[in-house]
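What follows is a short report on a single structure.
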Amino acid sequence: MAGTTLYDKIWNDHLVHEAEDGTALLYIDRHLVHEVTSPQAFEGLRMTNRTVRAPEKTLAVVDHNIPTTNRANGIENEESRIQVEALAKNAAEFNVEYFSETDNRQGIVHIIGPEQGFTLPGMTIVCGDSHTSTHGAFGALAHGIGTSEVEHVLATQTLIQKKAKNMKVEVTGDLGNGVTAKDIILAIIGEIGTAGGTGYVIEFCGSAIEALSMEGRMTVCNMTIEGGARAGLIAPDEKTFEYIKGRPKAPSGKAWDMALDYWKTLKSDEDAHFDKVITLDANNLTPIVSWGSSPEDVIAVTGEVPDPALIQDENKRTSKQRALDYMGLTPGTKITDIKIDRVWIGSCTNGRIEDLRAAAKIMEGKKIAEGVSAMVVPGSGLVKAQAEKEGLDKIFIAAGAEWREPGCSMCLAMNDDRLKPEERCASTSNRNFEGRQGFKGRTHLVSPAMAAAAGIHGHFVDIREL
Ligand SMILES: CC(C)[C@H](C(=O)O)[C@@H](O)C(=O)O
Ligand code: SF4
């Protein structure tokens, strides 16, 4: 019999029951909760007189709706305010630990989990949020769930699931200068398409993945969902253990040693069976810019806006033509000739300290181009504090960028941070859907260094040539 994959192992270790048709009940180790997808779930518990089964395995935080300036003034938008107030009330009533907007540990849910040592290898981790795949960077099985499932997990600490298939994405070779984790995952999505991972859990491996920092690995796993996969994961190694050690919620003492023994077993067997294997050579990768309204619409910074007329499939041709119209772009335009109006640096994809360092390195001693405005939003209060300790905030401010309070912000524009119609933005986030960053706003997905450089020059530039 063939060996098992990392996904198989975590699955088997959490299987409570499996019905004949393959429907399974999985034990859930960690449940992260935010204000958008939890109100009805808590309401459901209340109506049926239930409690939260394992409050110590549940952690709540506000991130999507909170303002990134003047928090003391409260939230003007009524819908946002109600959601935030509901989470505070629900967390108190159901005894769940809660990071409010005044807590310095507050931040984007997928940034604070790892930061607190709440996210650990080998665990099953869920959250009512699609980018829960981020936590897979630690060798955890982590994915998003819907609000009714949030209620189910709150009440039972289990989840009904069907097993996905195994896909391996191996990234061989080494990344060149100026090419980052963001470019790896954009290239992968460009290759497999937004439906390429449907029905699979992806394990990322290979020398270029191993060489990434934990921050970089989180960037890769974060966007797995944009490739359609259920989850993405990376086998834990010394870097993973090093990152976790000493974090507030990580095990310590004897429990640490025991955990470490277990974590070291968390890898796919040599002879494990994968249903699909994809290989990419990191040496061939370049900095990437998205040109359309789907994360699969990507091209090298050295390239040109593609011509949809050349696409054979009619539906695809029409949809890509529409994307170009929406983006206000003409086929054949050099990517480096595209001028931008805004720069947005942040999100659960690229709002960690390493991302801010990369952006600051480019902006240091420079000024944001005339007519361009830039905003830097740290992913958490702790990222913000660390950045300020390193003086990164001063670099951003001196360059003319705004330095904000942590949250999702203009990644999806649920607060006041949004693009105006037809404004063009170099953004470090993960989705470039129509209207994602504001009504008729135009999003180009890039790495933090690429976003910063576009801000300085007023158009996209190849950071390898700076
Ligand atoms: C609001 C939330 C449910 C949503 C998600 O699931 O991902 C958001 O975080 C996003 O990025 O679009
Ligand atoms: S930062 Fe963006 S992608 Fe991440 S959870 Fe918030 S809205 Fe979703």
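The values are calculated or read from the model by the stated rules, or taken from the named source; none is laboratory data. The model shown is predicted, which means the values in this text are computed figures rather than measured ones. We place every Cβ from the backbone using ideal geometry, glycine too, and count neighbours over all the protein chains shown.
How many of the residues making up the stretch 153-209 are basic (Lys, Arg) and out of contact with any helix residue (DSSP H, G or I) (no Cβ under 7 Å at 6 or more places or on another chain)?
3
Please list, ordered by first then second residue, the pairs with beta carbon atoms under 9 Å, 6 or more apart or interchain, first in the stretch 214-234 and touching a residue at least 12 places away in the same chain (Cβ under 8 Å) and within 15 Å of ligand 1 (Cβ to nearest atom), second assigned to a helix (DSSP H, G or I) and of a type in the set (Lys, Arg).
Close Cβ pairs satisfying both conditions: 219/182; 223/182.
Quick grid of which residues meet (1) surrounded by 16 or more Cβ atoms within 10 Å (Cβ to Cβ); (2) more than 16 Å from ligand 2 (Cβ to nearest atom); (3) not assigned by TED's automatic domain parsing to the domain that holds residue 412:
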residue: 322; (1), (2), (3): no, yes, no
residue: 332; (1), (2), (3): no, yes, no
residue: 337; (1), (2), (3): no, yes, no
residue: 341; (1), (2), (3): yes, yes, no
residue: 349; (1), (2), (3): yes, no, no
residue: 360; (1), (2), (3): yes, yes, no
residue: 369; (1), (2), (3): yes, yes, no
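Just to verify a result, which residue in the stretch 406-424, among those that are modelled with pLDDT of 95 or more and more than 14 Å from ligand 2 (Cβ to nearest atom), is nearest to residue 438 (Cα to Cα)?
Out of the qualifying residues, it is 419.
What are the residue pairs meeting all of these: first residue in the stretch 89-106, first residue in a helix (DSSP H, G or I), second residue modelled with pLDDT of 95 or more and of a type in the set (Asp, Glu), Cβ atoms under 8 Å, and 6 or more apart or on different chains?
Pairs that qualify, where the first residue is in a helix (DSSP H, G or I) and the partner is modelled with pLDDT of 95 or more and of a type in the set (Asp, Glu), are 91/97.
Please count how many residues of the stretch 57-83 are crowded, with 20+ Cβ neighbours inside 10 Å and either in contact with a Pro (Cβ under 9 Å, 6 or more places away or on another chain) or under 30 Å from residue 124 (Cα atoms) (or both).
Number satisfying all stated conditions: 13.
Yes/no per residue for (1) of a type in the set (Lys, Arg); (2) within 16 Å of ligand 1 (Cβ to nearest atom); (3) not in a loop (DSSP other than H, G, I, E, B):
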position: 388; (1), (2), (3): no, no, yes
position: 407; (1), (2), (3): no, yes, no
position: 410; (1), (2), (3): no, yes, yes
position: 413; (1), (2), (3): no, yes, no
position: 422; (1), (2), (3): no, no, no
position: 426; (1), (2), (3): no, no, yes
position: 430; (1), (2), (3): no, yes, no
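Going by the structure shown, is residue 54 among the hydrophobic types (A, V, I, L, M, F, W, C), over 26 Å from residue 234 (Cα atoms) and surrounded by fewer than 18 Cβ atoms within 10 Å (Cβ to Cβ)?
Yes; evaluated as a whole, the condition is true for this residue.
What number goes with the only condition from (1) outside the structural domain of residue 142 (by TED's automatic domain parsing); (2) crowded, with 19+ Cβ neighbours inside 10 Å that residue 1 does not pass?
(2)
Which helices (runs of 4 or more DSSP H) does the stretch 199-249 wholly contain that include 1 or more residues that are in contact with a strand residue (DSSP E or B) (Cβ under 6 Å, 6 or more places away or on another chain)?
207-210, 214-222
Just to verify a result, which residue in the stretch 143-178, among those that are touching a strand residue (DSSP E or B) at 6+ places or on another chain (Cβ under 7 Å) and charged (D, E, K, R), is farthest from residue 34 (Cα to Cα)?
Per the criteria, the residue is 170.
Considering only residues that are of a type in the set (Gly, Ala, Ser) and either crowded, with 18+ Cβ neighbours inside 10 Å or more than 16 Å from ligand 1 (Cβ to nearest atom) (or both), which ones fall in the stretch 145-163?
Scanning the stretch 145-163 gives a single hit, 155.
Looking at the structure I just gave you, is residue 435 within 14 Å of ligand 2 (Cβ to nearest atom), touching an Asp or Glu at 6+ places or on another chain (Cβ under 6 Å), assigned to a loop (DSSP other than H, G, I, E, B) and not assigned by TED's automatic domain parsing to the domain that holds residue 84?
Values: within 14 Å of ligand 2 (Cβ to nearest atom): yes; touching an Asp or Glu at 6+ places or on another chain (Cβ under 6 Å): no; assigned to a loop (DSSP other than H, G, I, E, B): yes; not assigned by TED's automatic domain parsing to the domain that holds residue 84: yes.
For residue 435, the condition - within 14 Å of ligand 2 (Cβ to nearest atom), touching an Asp or Glu at 6+ places or on another chain (Cβ under 6 Å), assigned to a loop (DSSP other than H, G, I, E, B) and not assigned by TED's automatic domain parsing to the domain that holds residue 84 - is not met.
Quickly run through the stretch 163-177 and pick out the residues that are more than 13 Å from residue 187 (Cβ to Cβ), assigned to a loop (DSSP other than H, G, I, E, B) and not acidic (Asp, Glu).
163, 164, 177, listed by residue number.
Residues of the stretch 117-142 being in contact with a strand residue (DSSP E or B) (Cβ under 7 Å, 6 or more places away or on another chain), more than 16 Å from ligand 1 (Cβ to nearest atom) and under 20 Å from residue 205 (Cβ atoms), which ones?
If the condition is that a residue be in contact with a strand residue (DSSP E or B) (Cβ under 7 Å, 6 or more places away or on another chain), more than 16 Å from ligand 1 (Cβ to nearest atom) and under 20 Å from residue 205 (Cβ atoms), then 119, 123, 139, 140, 141 are the ones that fit.
Take the stretch 38-59 and flag every residue that is under 14 Å from residue 91 (Cβ atoms) and either of a type in the set (Val, Ile, Thr) or not assigned by TED's automatic domain parsing to the domain that holds residue 148 (or both).
Answer for the stretch 38-59, where residues must be under 14 Å from residue 91 (Cβ atoms) and either of a type in the set (Val, Ile, Thr) or not assigned by TED's automatic domain parsing to the domain that holds residue 148 (or both): 51, 52, 58.
Of everything in the stretch 108-156, what is part of a helix (DSSP H, G or I) and within 11 Å of the chain's Cα centre (by Cα)? Give them in sequence order.
109, 110, 111, 130, 131, 132, 133, 134, 135, 136, 137 - these are the residues of the stretch 108-156 that are part of a helix (DSSP H, G or I) and within 11 Å of the chain's Cα centre (by Cα).
Would you check if there is a residue in the stretch 56-65 being part of a helix (DSSP H, G or I) and at pLDDT 95 or above?
For the stretch 56-65, residues part of a helix (DSSP H, G or I) and at pLDDT 95 or above: present.
Hey, among 307, 269, which residue is surrounded by fewer than 18 Cβ atoms within 10 Å (Cβ to Cβ), at pLDDT 95 or above and closer than 22 Å to residue 172 by Cα?
269
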